[in-house]
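Only one structure is covered here, and it is reproduced in the block below.
The values are calculated or read from the model by the stated rules, or taken from the named source; none is laboratory data. Because the structure is a prediction, the values reported are computed rather than measured. Using ideal geometry, Cβ is built from the backbone for each residue, glycine included, and neighbour counts are taken over all protein chains shown.
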Amino acid sequence: MLVFANNLLQDSMYGMVYRVSIGAIISMTDAGTDIYVITTYFQAGLNDKAFILLAMILSNTFLQLSFVLVQYKRKGIRRIMKELLIGLFFLRPAVDAYRVSTNHDDSSCTVDSLFEMMLNKGIEMFAENIPGCVLQCYVWMQSSEKAGQFALLSVFISSMTTGYTSAMMSFDLDVDQVNRKNSPKFFGYIPGTNPTEM
């Protein structure tokens, strides 16, 4: 029964909605906890660490905004400004999740909504989540009384975001039929429901 439920969750549209929604919630929570940790570092006198963490968040934002310019270059300035504001207010995970869940299709965009979400998640993971988690672990081990107990929650959420994002990206790439057809020796570690794929 559990295998049957898992297969339904993976194959149905609700499974996709569930996965991308959870990822968006975790990602937005991670951004909020990182901003709170930055303010805690400034208050504790850890200014250099706060500036480093802030630089990681800003580099993530800059890279995502740069991708917005490439993705929506065929759109008008109004649409580009809207997408830039979505990125500046850290709403990109929620908007990407909505577009993937509703099968949003826009042929004038450079890439489809699933690839856009995966690229944004990859940028977030490698520009902010992983280095931010390492930095916060280092600061907490060096001066835990200054960093505070909330820093551990932020480390946990950053780790959870990284793990969930990488697992979701791996899953989506593996179950893609084009990937399985083009590289059958690399993709296919998740068994398909079609007998010819097993």
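For region 55-110, filtered to residues that are touching a Leu at 6+ places or on another chain (Cβ under 8 Å) and among the β-branched types (V, I, T), the residue that is modelled with the lowest pLDDT is V100.
Looking at region 52-153, the helices (runs of 4 or more DSSP H) lying wholly inside it that each contain 1 or more residues that are hydrophobic (A, V, I, L, M, F, W, C), touching a residue at least 40 places away in the same chain (Cβ under 8 Å) and buried (at least 16 other Cβ atoms within 10 Å of the Cβ) sit at 92-101, 113-124, 130-142, 144-147. Please verify whether region 184-196 includes one or more residues that are at pLDDT below 80, over 25 Å from the mean Cα position of the chain (by Cα) and assigned to a helix (DSSP H, G or I). Checking region 184-196: at least one residue is at pLDDT below 80, over 25 Å from the mean Cα position of the chain (by Cα) and assigned to a helix (DSSP H, G or I).
Does region 160-171 include one or more residues that are surrounded by 17 or more Cβ atoms within 10 Å (Cβ to Cβ) and either of a type in the set (D, E) or assigned to a loop (DSSP other than H, G, I, E, B) (or both)? No: region 160-171 contains no residue that is surrounded by 17 or more Cβ atoms within 10 Å (Cβ to Cβ) and either of a type in the set (D, E) or assigned to a loop (DSSP other than H, G, I, E, B) (or both).
Is it the case that region 175-183 has a residue that's part of a helix (DSSP H, G or I), at pLDDT 80 or above and closer than 30 Å to I57 by Cβ? Scanning region 175-183 turns up no residue that is part of a helix (DSSP H, G or I), at pLDDT 80 or above and closer than 30 Å to I57 by Cβ.
Scanning region 154-164 for residues that are without any contact (Cβ under 8 Å) to a residue 40 or more places away in the chain and either more than 12 Å from I130 (Cα to Cα) or among the polar types (S, T, N, Q) (or both) turns up S159, T162.
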